[in-house]
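Undergrad: Below are the structure tokens for one structure; questions will follow.
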Amino acid sequence: MTPLSQYLFLSTLLFAIGFAGVVTRRNAVIVLVGIEFMLNAANLNFIAFWRYGVSGAAPTGIMAVMFSIAIAAAEAAVGLALIIAVYRHRKTTQLEKLDTLKG
Amino acid sequence: MPNNISFYIFAVGVLATATAAMRLRNPVHCALAAAAAFAGLAVIYFQLDAEFISFAQLLIYVGAISILVIFAVLLTRGSDIQPGVELASPHWLTGLAIAVLVAFVIAVPVCSSSFGEKIAPKMTVAPVKLIGEELMTRYLFPLETMGLLLTVALIGAAVIALREPEESEIRNPKSEIRKQPTTEELVAEVQP
Amino acid sequence: MNNLDQIFVYAKYWLLSQLPGGVQSLVSIVLDIIAIIAVFGTCFALTTILERKGLGRIQNRYGPNRVGPCGLLQPMADAIKMLTKEDIVPFAADKVVHYLAPLVLTVPIWLAFSVIPFGREMSAIDLDAGVLFFFAVGGASELAVFMAGWSSRNKYSLVGAMRAIAQMISYEVPLVLATIPVIMLSGSLNLNKIVEAQSGYAFGVAQWNVFTPWGFAGFFLFLIAATAESNRSPFDLPEGESEIIAGFLTEYSGFKYALFFLGEYLGLFAVTALSVTLFLGGWHAPLQVLEFLPSWFCFFVKFAAIIAVFIWVRGTVPRLRFDQLLNFSWRFLVPLTLVNLLVAVVWHFTSLGAGLDQSLRWLISAAMIVPAYVYFGRALSPNRPTRIYQYAE
């Protein structure tokens, strides 16, 4: 059986990859994908801790992840709708060009 | 040991496809790589005996969110890549440094903790029935809230992405809408 | 009788007992896989020839009758033709994605067969969330269709792929909603348990889900959604030849095209097998007196019957227009499945000692579903012209 730390390492790396994508990419859609990766890394942690935890019988981790997935779905839908709406006005999804609100 | 080997295979697969999703030039390729990464994670959930979550992950991430991302890319013409346009933002080096730092900060406590020796307790797969009962009793309020949130998100997304009427249409809305021909007119058209 | 029923199970265990203990679990898995591939591969070959012959008869012609006796070897000829054809990849195509698309379509669909019980004790894996697994692996087909359409760099391919995705997403909602009453009243997502829940006989007739009002309505809603989900006529707009050549298949040839063809039929088989399991009692015999029949035989008879219905529908019903297609799903099927959910709830709670007569339960259910059917059916075509008999005076 794989030790718990392996799963935590995987989730750490996944989180870092998602984070790197969020802070380095210019395309807003790809930034959203990066955020999804970060959420997934957190989900993996939930599942791993639940599996290796003491509370075995109660599906606590599963519940947390289920709600997290639902939130991710809502977030993706609204986020992508926003990106499309912004694109319609500004004809770009490049994040640096969307700085009108900057003081 | 087969469990261990397959874990490493899928872990490497997830990391590779995730990196590809963040690095590739064409956003459609990024979305496809992301879908592969999500599917790999579903397999890892399955190994962790979280059967239900694994299938939900496949259904929602691969079946829905990836498709949504692809549609967004196509609708924003993100797949037309001009050769001159930079892929990364101007401060990408700083961002990358911060990301590495974040990874480091999380990895250090993982290494120094005693999780390494921790071995999973023997357990059977959490039955779906138990999940359902918990959802209907202990987690009823979050569940209802989630339903509300999803409804709001659905309507909100539809409203935001709705095409706004052109200005000329606002001024005189009738002119743009073509009158539907009546039955008599249609018949008159057909008849010689 | 029992021996014949379990013949394949016994054969598998006999084979396993000849092997050393170490490899038994691995060989057991491989045997299951080989059995599924062999059976449904044969089904694929047989269905293509029977479909062509059946369509031919419907259209007043013979259909293929040159190769072998009665043209039965036609699938072999087709396969040889497909395999020997040149595999053309467009110059501008995205080569990797173009290559992967047929694989992404075909491989997950094989997985869907693993949870279906083909007979007593005859399901490859007994998953607790079997129905969810079935729909989860089906999710990959949308991605595959997009990959095929987008990577071909062809307008028709892209339009076809976009149509296919819009259609699949729209019809997945009623497909899943139609299964929910079954899951609710069987109290399980496990397909074996759903079959078990339909095992009884009342007055010698089986108690399948299709013999209840919600099951009856649900079965037809499921079949319609399944037809659309597997891109079959009258919902075959993604490949509407008259408009967009062959949709997302336009730039595929040779073996890759054959894989798409295979994937499409396998999707049809999978969803048919699921409908048999959910609504037609799985491997149970229809009448108590027929219980001596082997369970797998009952399953495949029902399976073949539904496939025949699909062929019949394909030969009979004209293709829809695209706006009609989407309206049909969102304004007709989805509301009806939701009403059907309510019917299932009423059916469930009236059985709990309320002392209601069986026919009264039927009446209440019908009073809920029939007006909804009429109302949503009428609302589909709001300004429907009154029929004018122009040439029939």
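Undergrad: Looking at the stretch C:14-59, which of its residues are of a type in the set (S, T, N, Q), surrounded by 12 or more Cβ atoms within 10 Å (Cβ to Cβ) and closer than 24 Å to C:V313 by Cβ?
TA: Within the stretch C:14-59, C:T47, C:T48 meet the criteria.
Undergrad: Any residue that is buried (at least 22 other Cβ atoms within 10 Å of the Cβ), facing chain B (nearest Cβ under 7 Å) and touching a Ser or Thr at 6+ places or on another chain (Cβ under 7 Å) - is there at least one of those in the stretch A:11-19?
TA: Checked against the condition, which is being buried (at least 22 other Cβ atoms within 10 Å of the Cβ), facing chain B (nearest Cβ under 7 Å) and touching a Ser or Thr at 6+ places or on another chain (Cβ under 7 Å), the stretch A:11-19 yields at least one hit.
Undergrad: Can you pull out the residues in the stretch C:156-206 that are away from every other protein chain (no Cβ under 12 Å) and not in a helix (DSSP H, G or I)?
TA: C:Q198, C:S199, C:G200, C:Y201, C:A202, C:F203, C:G204, C:V205, C:A206
Undergrad: Return the only residue of B:A42, B:A50, B:A36, B:A31 being closer than 19 Å to A:A70 by Cβ, modelled with pLDDT of 85 or more and within 13 Å of chain C (Cβ to nearest Cβ).
TA: That would be B:A42, the only listed residue that is closer than 19 Å to A:A70 by Cβ, modelled with pLDDT of 85 or more and within 13 Å of chain C (Cβ to nearest Cβ).
Residue by residue, here is whether (1) surrounded by fewer than 10 Cβ atoms within 10 Å (Cβ to Cβ); (2) at pLDDT 60 or above; (3) more than 9 Å from every other protein chain (Cβ to nearest Cβ); (4) more than 30 Å from A:H89 (Cβ to Cβ) holds:
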| residue | (1), (2), (3), (4) |
| --- | --- |
| B:E133 | no, yes, yes, yes |
| B:E166 | yes, yes, yes, no |
| B:T182 | no, yes, no, yes |
| B:E185 | no, yes, yes, yes |
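Undergrad: Confirm whether B:A31 is surrounded by 24 or more Cβ atoms within 10 Å (Cβ to Cβ) and either without any contact (Cβ under 8 Å) to a residue 60 or more places away in the chain or under 19 Å from A:T12 (Cα atoms) (or both).
TA: Spelling it out, B:A31 is indeed surrounded by 24 or more Cβ atoms within 10 Å (Cβ to Cβ) and either without any contact (Cβ under 8 Å) to a residue 60 or more places away in the chain or under 19 Å from A:T12 (Cα atoms) (or both).
Undergrad: Considering each of C:S141, C:S199, C:S151, C:S170 in turn, give the residue that is touching a strand residue (DSSP E or B) at 6+ places or on another chain (Cβ under 9 Å), in contact (Cβ under 8 Å) with a residue 12 or more places away in the chain and polar (S, T, N, Q).
TA: C:S199
Okay, residues lined up against (1) facing another protein chain (nearest Cβ under 8 Å); (2) within 27 Å of B:S6 (Cβ to Cβ); (3) more than 13 Å from the chain's Cα centre (by Cα); (4) not polar (S, T, N, Q):
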| position | (1), (2), (3), (4) |
| --- | --- |
| A:L32 | yes, no, no, yes |
| A:A42 | no, yes, no, yes |
| A:Y52 | yes, yes, yes, yes |
| A:T60 | no, yes, yes, no |
| A:I71 | yes, no, no, yes |
| A:V78 | yes, no, yes, yes |
| A:A85 | yes, no, yes, yes |
| A:K102 | no, no, yes, yes |
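Undergrad: So, C:L325, is that one in a helix (DSSP H, G or I), touching a residue at least 24 places away in the same chain (Cβ under 8 Å) and either touching a helix residue (DSSP H, G or I) at 6+ places or on another chain (Cβ under 8 Å) or among the aliphatic types (A, V, I, L, M) (or both) or not?
TA: Considered against the rule, which asks whether it is in a helix (DSSP H, G or I), touching a residue at least 24 places away in the same chain (Cβ under 8 Å) and either touching a helix residue (DSSP H, G or I) at 6+ places or on another chain (Cβ under 8 Å) or among the aliphatic types (A, V, I, L, M) (or both), C:L325 comes out as yes.
Undergrad: Pull out all pairs, ordered by first then second residue, where Cβ-Cβ is under 8 Å, the residues are six or more apart or on different chains, the first lies in the stretch B:143-169 and is among the hydroxyl-bearing types (S, T, Y), and the second is modelled with pLDDT under 90.
TA: B:S168/B:S175; B:S168/B:E176
Undergrad: May I pose another question? Hey, does the stretch C:377-385 have a residue that's surrounded by 10 or more Cβ atoms within 10 Å (Cβ to Cβ) and part of a loop (DSSP other than H, G, I, E, B)?
TA: There is at least one residue in the stretch C:377-385 that is surrounded by 10 or more Cβ atoms within 10 Å (Cβ to Cβ) and part of a loop (DSSP other than H, G, I, E, B).
Undergrad: Does C:N65 count as in a loop (DSSP other than H, G, I, E, B) and at pLDDT 85 or above?
TA: The answer is no for C:N65.
Undergrad: Look at the stretch C:165-183 and say how many of its residues are among the small types (G, A, S) and under 22 Å from C:S275 (Cα atoms).
TA: Residues meeting the conditions: 2.
Undergrad: Does the stretch A:70-91 contain at least one residue that is at positive phi and either surrounded by fewer than 23 Cβ atoms within 10 Å (Cβ to Cβ) or modelled with pLDDT of 85 or more (or both)?
TA: Yes, because at least one residue in the stretch A:70-91 is at positive phi and either surrounded by fewer than 23 Cβ atoms within 10 Å (Cβ to Cβ) or modelled with pLDDT of 85 or more (or both).
Undergrad: Also: I need the full set of residues from the stretch B:73-109 which are modelled with pLDDT of 80 or more, in contact with a Ser or Thr (Cβ under 7 Å, 6 or more places away or on another chain) and in a helix (DSSP H, G or I), in order please.
TA: Answer for the stretch B:73-109, where residues must be modelled with pLDDT of 80 or more, in contact with a Ser or Thr (Cβ under 7 Å, 6 or more places away or on another chain) and in a helix (DSSP H, G or I): B:V73, B:G95, B:L96, B:A103, B:I106, B:A107.
Undergrad: Evaluate the stretch C:39-59: report whether one residue or more is of a type outside the set (A, V, I, L, M), closer than 18 Å to C:R314 by Cβ and assigned to a loop (DSSP other than H, G, I, E, B).
TA: yes
Table: residues versus (1) among the aromatic types (F, W, Y); (2) closer than 30 Å to B:F71 by Cβ; (3) crowded, with 22+ Cβ neighbours inside 10 Å.
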position: C:R61; (1), (2), (3): no, no, no
position: C:L72; (1), (2), (3): no, no, no
position: C:M76; (1), (2), (3): no, no, no
position: C:D94; (1), (2), (3): no, yes, no
position: C:V97; (1), (2), (3): no, yes, no
position: C:A112; (1), (2), (3): no, yes, yes
position: C:L143; (1), (2), (3): no, yes, yes
position: C:W150; (1), (2), (3): yes, yes, yes
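Undergrad: Select, from C:V346, C:V313, C:V334, the only residue that is part of a helix (DSSP H, G or I), free of Cβ contacts under 8 Å to residues at least 40 places away in the same chain and surrounded by 14 or more Cβ atoms within 10 Å (Cβ to Cβ).
TA: The conditions single out C:V346.
Undergrad: Now a separate question. With the structure loaded, tell me whether C:V131 is more than 8 Å from chain B (Cβ to nearest Cβ) and either more than 15 Å from C:P108 (Cβ to Cβ) or free of Cβ contacts under 8 Å to residues at least 40 places away in the same chain (or both) or whether it fails that test.
TA: Yes; evaluated as a whole, the condition is true for this residue.
Residue-by-condition table, conditions (1) in contact (Cβ under 8 Å) with a residue 24 or more places away in the chain; (2) of a type outside the set (G, A, S); (3) part of a loop (DSSP other than H, G, I, E, B); (4) surrounded by fewer than 23 Cβ atoms within 10 Å (Cβ to Cβ):
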| position | (1), (2), (3), (4) |
| --- | --- |
| C:F216 | no, yes, no, yes |
| C:F220 | no, yes, no, yes |
| C:L223 | yes, yes, no, yes |
| C:A228 | yes, no, no, no |
| C:F255 | yes, yes, no, yes |
| C:L259 | yes, yes, no, yes |
| C:G263 | yes, no, no, no |
| C:L278 | yes, yes, no, no |
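Undergrad: Whether any residue in the stretch C:256-274 is out of contact with any helix residue (DSSP H, G or I) (no Cβ under 7 Å at 6 or more places or on another chain) and farther than 27 Å from C:A166 by Cα is what I want to check.
TA: No; the residues of the stretch C:256-274 include none that is out of contact with any helix residue (DSSP H, G or I) (no Cβ under 7 Å at 6 or more places or on another chain) and farther than 27 Å from C:A166 by Cα.
Undergrad: Let me spell it out: the conditions are (1) buried (at least 19 other Cβ atoms within 10 Å of the Cβ); (2) assigned to a loop (DSSP other than H, G, I, E, B), and C:D126 meets all of them except one. Which number is the exception?
TA: All conditions pass for C:D126, except number (1).
The values are calculated or read from the model by the stated rules, or taken from the named source; none is laboratory data. In this text, all values refer to a predicted model and were calculated from it rather than measured experimentally. In this analysis, Cβ positions are derived from the backbone assuming ideal geometry, glycine residues included, and neighbour counts consider all displayed protein chains.
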